[in-house]
Amino acid sequence: MTRFKRPLRFIPALLLVAAMLWSCQPAPERLFPDGNDLYGLASPVQLEPDTTTVYLTDYFVMGSEARIDSVTGSERLAFVLSEDKKTLEIQVRSNFVPHLSEMKVWLDGTPYSLLVKRSKRERFTFTFDPGDVGYRTVALRGEMNDWNARANPMHLIDGLWQTELSLNPGRYQYLIQANGRDMLDPNNPLVVDNNVGGFNSLLEVGNVNRDRAPFLYPREHDRHTVTLGLENDAHGLLVFWQNFRLPDAYVTTHDGQIVIQLPGDARGKHRSFLRVWAFNEQGPSNDLLIPLHRGRPVSDTAQLDREDKEATILYFMMVDRFNNGNPGNDDPIDHPEVAQRANFHGGDLAGITQKIEDGYFEMLGVNTVWMSPITQNPLEAYREWPEPRRKYTGYHGYWPITLTTVDHRFGTEEELRRLVSSAHDNDISVMLDFVSNHVHENNPIIRENPHWATTLNLPDGRKNIRLWDEHRLTTWFDTFLPSLDFSKPEVIELMSDSAFFWIEHYGMDGFRHDATKHVQLDFWRELTRKLKEEYMIPNNKRLFQIGETFGSRELIGSYVGSGLLDGQFDFNLYFDARTVFASDEASFEMLDYSLHQSFDHYGFNNLMGNITGNHDLPRFISLAGGALAFDEDDKEAGWEREVGVGDPIGYNKLSQLTAFIMTIPGVPVIYYGDEIGLPGASDPDSRRPMVFEDLDEKQLWVRDNAAMLARLRSENLAFIYGDFQRLKVDDQAYVYSRSYFGEHAIVLFNKGLESRSLTVELPGRMTGKAFESHFGSPLQVEAQQITVNLDAMGFEVLTSR
């Protein structure tokens, strides 16, 4: 229930003083029960407009749900438990549901607190005027329906094609499909680059005014209290320690300050968290995540370890293309139709171990490596389904013919154990790319159980191949790669056991999950349950799971949360960042809007992957330098010509992109080779062999920038747990700040072709602070302003001293 009926600033000052005097005393040792029924931090419950189903087994350890007494919360919501208490229906009973509220799940009299977020969806009637053209069929295909033309049937009513939508406020790219052919909406002048060589129409829904919502920031702390700053009035405030809401007596507010008494329970835990939210009539605030070490806020990055996934800096390499450490296991496929770029190159596990032990990742500032799949792949080449039907090998690892053995071309079990052991000795976590969606046709599980495959031949005569959106949960990647039918419990059981094997036997630290959206949620729930209850809880270890989904933010977010994955790659943000940093014409306002859309969907503190690129996309630097055009076939370009960097300005743009992903909330991900500006078109040209020797001046400059940015992130808590506040944005400049108690950082970009002097107003908490420039830009601080002189296509990172 909402606890505040008036702005928080009106709480009497005398009450604040009394509370602060009381807070000088340590809190009682025991305020809450041990909380072992709910492992990890419970993710917020996002309401649907009418009825929302919550899987309580996503939150609570198996079996404990049977002890649920009841569920309570806002009087404007109804909570209906299923008979077995495994699911909960939340029904909206009023048009005035608070933006944020608390839901209590009572187990044996103990109330666990979950945050509930009101739906922002709006009813919207989309219309298309065909003019004088008599179309037989018209469909809407776009981000609002994951590009599935069948999702929202349109009907001709009074001369207009219409369909009803329920959408969150935001911007949506779309196309009109008329008589089966895609086209721009001729009635809509708003058009944007679609990032793949064409254009889409743009629909904007709702009016988002974030500037008047509450803004929270960590201000200061002492032995027993945390003080937060608050900008704009708040009508409601929720403060959780772990999964329990702090009592009113522990939270006091007045004149832009929130004083929180730290619970004594936290002193007994190596790591626990405070989470804070506020809201007013304009909407919810940013969320704060404050890590506690033995009951006090973490004040030094030296207190963090590999279990603190928020501090992850991830490096992704294709094993076969990274480093050949053992030429004795080289075994390329000898076939005249297999081009070298589509064959094995010799990279292996021993090569990764070499780079761990010679300090490459330490030099780069990376603390987590993600390896492409290493299970046994076929010994023959296969012809892909789409034209021109080239032959490829399984050098990439995504065609598994086994589930639990290492491909001999990558190494042995012992070499894998050495790699993991060496990584851990060097404080580096290891994540494995796991393929669950499909297997190769020669995999024994599908040969012995052909009925485990989804349907290949559709009733309309088409092959169910690469119909990514239309048949999302059943489509095949190719004729020789049957997708598994995860509606069968035996498939879920076998595949989740296979994934668990790599964690249990080799001590991996988590997974990157391939083709996440093509696998039903039941599988992710079962796998995560096994990992939690059979590994994480018994070993007191926090694994990290991140998924790959191309689609809308709603679809991507539907796989993230308690009982599911920790995060996914934020491809929507990447595509907008790629456009803005690579293209001279695109505005930073587009990037800022996109970033805040991600905050709206995933929270300000999230574990979404922010990438420099990946193995399925063309190299950023080739687009930025103009060697590869946005409007050409980026896959065929790699076969037709040698794609290079182009204009050397591409190196500057790549460093800007790297600076962006290293300084925003989320998990920065470097795709191997992007630290030196390795060029290339799309797959397989984006998978060239890594280069370590004889780097030129520009490549070394880019690598030094990446290493410096990674060091700044890993050494500054403001970049790991800090708030985020936009200070300035226009077409060619972008400035934002991050703050964590006394640590402050300011990040500035200039994408103009000329140098520029940027002056910004400092937030009040930063006035009087001295700042250090880490990339050589001259700066001047005067009272409440700071001025920085940025080079053309330059960036700067400032940190407080």
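The values are calculated or read from the model by the stated rules, or taken from the named source; none is laboratory data. Just so we're clear, the structure is a prediction, and the values are computed from it rather than from any experiment. Cβ atoms come from the backbone with ideal geometry, glycine included; neighbour counts cover every protein chain shown. Only protein heavy atoms, including side chains, enter the accessible area calculation; ligands, DNA and RNA are left aside. Shrake-Rupley method; radii C 1.70, N 1.55, O 1.52, S 1.80 Å.
Quick notes on this structure:
- Check: region 341-405 dipole with +1 on Lys, Arg Cβ and -1 on Asp, Glu Cβ, in debye: 400 debye
- Centre separation in Å (Cα based) which lies between region 697-723 and region 310-329: 20 Å
- For the chain: relative contact order, % (alpha-carbon pairs under 8 angstrom, 6 or more apart): 9 percent
- Heavy-atom surface of region 467-563, accessible at 1.4 Å and reported per residue (Å²): 31 Å²
- Normalising the average separation of contacting C-alpha pairs (under 8 angstrom, six or more residues apart) by the number of residues puts the relative contact order of region 487-565 at 38 percent.
- The share of accessible area on region 109-231 that comes from carbon and sulfur is 45 percent, using a 1.4 angstrom probe.
- Which listed pairs, of Lys85/Lys309; Lys85/Lys532; Lys728/Lys751; Lys355/Lys517; Lys85/Lys541, have C-alpha distances above 24 Å, in listed order: Lys85/Lys309; Lys355/Lys517; Lys85/Lys541
- Relative contact order computed over region 589-703 (Cα-Cα under 8 Å; 6+ residues apart), in percent: 35 percent
- Charge dipole (Cα centre; +1 on Lys/Arg Cβ, -1 on Asp/Glu Cβ; no other charges) of region 407-448 amounts to roughly 60 debye.
- The chain: DSSP helices with Cα axial extent of at least 24 Å and average Kyte-Doolittle hydropathy no lower than 0.5: none
- Extended-chain gain in nm, criterion 0.36 nm per residue less alpha-carbon gap, Glu534 and Ala629: 29.3 nm
- Among 46-59, 226-239, the order from most to least packed when residues are scored by Cβ within 10 Å on average: 226-239, 46-59
- Apportionment of accessible area to carbon and sulfur, region 366-466, percent (1.4 Å): 49 percent
- Burial ranking of peptide ranges 153-159, 348-354 (average Cβ count within 10 Å, highest at the top): 348-354, 153-159
- Aspartates and glutamates whose Cα lies under 19 Å from that of Lys698, excluding same-chain neighbours fewer than 8 positions away: Asp647, Asp674, Glu675, Asp791, Glu796
- Set Lys120/Lys269; Lys120/Lys530; Lys86/Lys488; Lys530/Lys635 screened for pairs whose C-alpha atoms are more than 29 Å apart: Lys120/Lys269; Lys120/Lys530; Lys530/Lys635
- Cβ-placed point charges (K, R +1; D, E -1), dipole of the chain about Cα centre in debye, nearest 20: 2260 debye
- Whole-number accessible area per residue in Å² for region 124-182, which is evaluated in the context of all protein chains at 1.4 Å: 51 Å²
- For region 435-451, the Karplus equation 6.51 cos²θ - 1.76 cosθ + 1.60, evaluated at θ = phi - 60°, returns couplings of 9, 10, 4, 8, 9, 7, 4, 8, 5, x, 5, 8, 5, 7, 9, x, 6 Hz by residue, with Gly and Pro reported as x.
- Answer label for semi-axes √(5λ) of the Cα gyration tensor in Å (calculated), chosen among [x] 40, 32, 30; [y] 48, 33, 26; [z] 44, 31, 26: [x]
- Helix-only mean residue ellipticity at 222 nm for the chain, each DSSP H run of n ≥ 4 adding -39500 (n - 2.57), per residue, nearest 500: -6000 deg cm²/dmol
- Solvent-accessible ranking of Val196, Val491, largest area first, probe 1.4 Å: Val196, Val491
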